[in-house]
1. Just checking, which of Arg242, Arg205, Arg223 is without any contact (Cβ under 8 Å) to a residue 60 or more places away in the chain and on the phi < 0 side of the Ramachandran plot?
2. Of the conditions (1) out of contact with any Ser or Thr (no Cβ under 7 Å at 6 or more places or on another chain); (2) within 12 Å of the ligand (Cβ to nearest atom), Arg43 satisfies every one except a single condition; which number is it?
3. Taking Val132 as the residue in question, decide whether it is touching an Asp or Glu at 6+ places or on another chain (Cβ under 9 Å) and crowded, with 16+ Cβ neighbours inside 10 Å.
4. From the list Glu278, Glu225, Glu258, Glu211, which residue is more than 21 Å from the chain's Cα centre (by Cα) and charged (D, E, K, R)?
5. List, please: which pairs have Cβ atoms under 6 Å, are six or more places apart or on different chains, and start with a residue in region 70-92 that is more than 6 Å from the ligand (Cβ to nearest atom) and end with one that is charged (D, E, K, R) and open to solvent by 10 Å² or more (accessible area, probe 1.4 Å)?
6. Scan region 204-233 residue by residue and report those that are crowded, with 18+ Cβ neighbours inside 10 Å and over 25 Å from Arg56 (Cα atoms).
7. Looking at region 273-290, can you tell me whether even one residue there is open to solvent by 50 Å² or more (accessible area, probe 1.4 Å), in contact (Cβ under 8 Å) with a residue 60 or more places away in the chain and of a type in the set (S, T, N, Q)?
8. Considering only residues of region 105-137 that are under 25 Å from Glu285 (Cβ atoms) and among the hydroxyl-bearing types (Ser, Thr, Tyr), which is nearest to the ligand (Cβ to nearest atom)?
Amino acid sequence: MGDQERGEVVLATQAEAGDPMTGEVRFEPGLYQGTAGYYDRFRLPYPGPMLADLTRRAALSGRGRLLDLACGTGQLAFPLCGLFAEVWAVDAEPGMTDVVRAKALATAADHLRAITASAEDLCVEPGSLELVVIGNAFHRLRREPVAERAHAWLRPGGCLALCWSTSPWTGPREWQRALAGMLRTWQNALGAAERVPPGWDQARRRLPDHEVLSRAGFEPAGRHEYPVEHRWTIAELAGHLRSTSFLPPSVLAGHAAEFDADLTAVLSRHTADGHLTETVSFAYELARKPALPITR
Ligand SMILES: C[S@@+](CC[C@H](N)C(=O)[O-])C[C@H]1O[C@@H](n2cnc3c(N)ncnc32)[C@H](O)[C@@H]1O
């Protein structure tokens, strides 16, 4: 990825034990507890043209099964669900799958199933999926076993798409740098710096995602980028920040009002028309399970 959540690295300061076999750093489970409502409301949707391009390249049949792994509140499952006979939206955090279930009910998406499970433990029948999507989450999973499992679950010719987007505090604009500095201060003050394990992306630099996918047996089908201009209000950013794993409501707790006042003080000097503008980089990396050779 273009290290979409690089800001979380910048904000981290304390060490956490990694996997001694692979050097991969493990994120604590439960980091998104209590964030689902904010996640659903304040995360930006993946751009329609990006999803249209993804589904075109994946050459969907319209009768297949989609797996949205580490689905959050269904940021990929819902926009894609019309193209599948069956959709599984899977997340380890029960608060996320509760929201997915409620949305599926509200939109009469009867073929969309919310499942609370970790990517590493989920059971799927081999060869039963047409597409697996993982949005802003592959770095949080045990990449190598998950890639191998996804490969086994897909039918020959099926695709895996890693979808990404950058975070507001990671960009080059003055307000984004001011925001990153302010978040670092708050994380340290609230003793929350260790929620993002430092060095989490070192293993990914050593062994990039596309290499993990290729070792699992996938053929690369390209990385495709979709930059989008977005205008935030400070209130929307306050909501967005509560949807993160590093400053969720449980961490802000009794300091929430003070945090919001500081956010307003830091950002209001950068607003134009009450807004802060950034270019969000959306992207997806596509990989395909090779089709079976034609036998004569
Ligand atoms: C940044 S959110 C991404 C949500 C959504 N896919 C998106 O594109 O916005 C990361 C999600 O991964 C989930 N998650 C983290 N580790 C997981 C695991 N091992 N198995 C399944 N879900 C996991 C979290 O609960 C959280 O909902």
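1. On the way: Arg242 fails: without any contact (Cβ under 8 Å) to a residue 60 or more places away in the chain; Arg223 fails: without any contact (Cβ under 8 Å) to a residue 60 or more places away in the chain.
The conditions single out Arg205.
2. Among (1) out of contact with any Ser or Thr (no Cβ under 7 Å at 6 or more places or on another chain); (2) within 12 Å of the ligand (Cβ to nearest atom), the lone unmet condition for Arg43 is (1).
3. On the way: touching an Asp or Glu at 6+ places or on another chain (Cβ under 9 Å): yes; crowded, with 16+ Cβ neighbours inside 10 Å: yes.
So Val132 passes the test.
4. Details: Glu278 fails: more than 21 Å from the chain's Cα centre (by Cα); Glu225 fails: more than 21 Å from the chain's Cα centre (by Cα); Glu211 fails: more than 21 Å from the chain's Cα centre (by Cα).
One residue alone meets the criteria, Glu258.
5. Note: pairs meeting the criteria are Thr73/Asp40; Ala85/Arg63; Glu86/Arg65; Trp88/Arg113.
6. Of everything in region 204-233, those that are crowded, with 18+ Cβ neighbours inside 10 Å and over 25 Å from Arg56 (Cα atoms) turn out to be Arg204, Trp232.
7. So far as region 273-290 goes, yes, one or more of its residues are open to solvent by 50 Å² or more (accessible area, probe 1.4 Å), in contact (Cβ under 8 Å) with a residue 60 or more places away in the chain and of a type in the set (S, T, N, Q).
8. If we take residues in region 105-137 being under 25 Å from Glu285 (Cβ atoms) and among the hydroxyl-bearing types (Ser, Thr, Tyr), then Ser118 is nearest to the ligand (Cβ to nearest atom).
The values are calculated or read from the model by the stated rules, or taken from the named source; none is laboratory data. Every value quoted in this text rests on a predicted model; they were computed, and no experiment measured them. FYI the Cβ positions are ideal-geometry reconstructions off the backbone, even for glycines, and counts take in every protein chain you see. Protein only, heavy atoms only, side chains kept; ligands, DNA and RNA dropped before computing areas. Shrake-Rupley method; radii C 1.70, N 1.55, O 1.52, S 1.80 Å.
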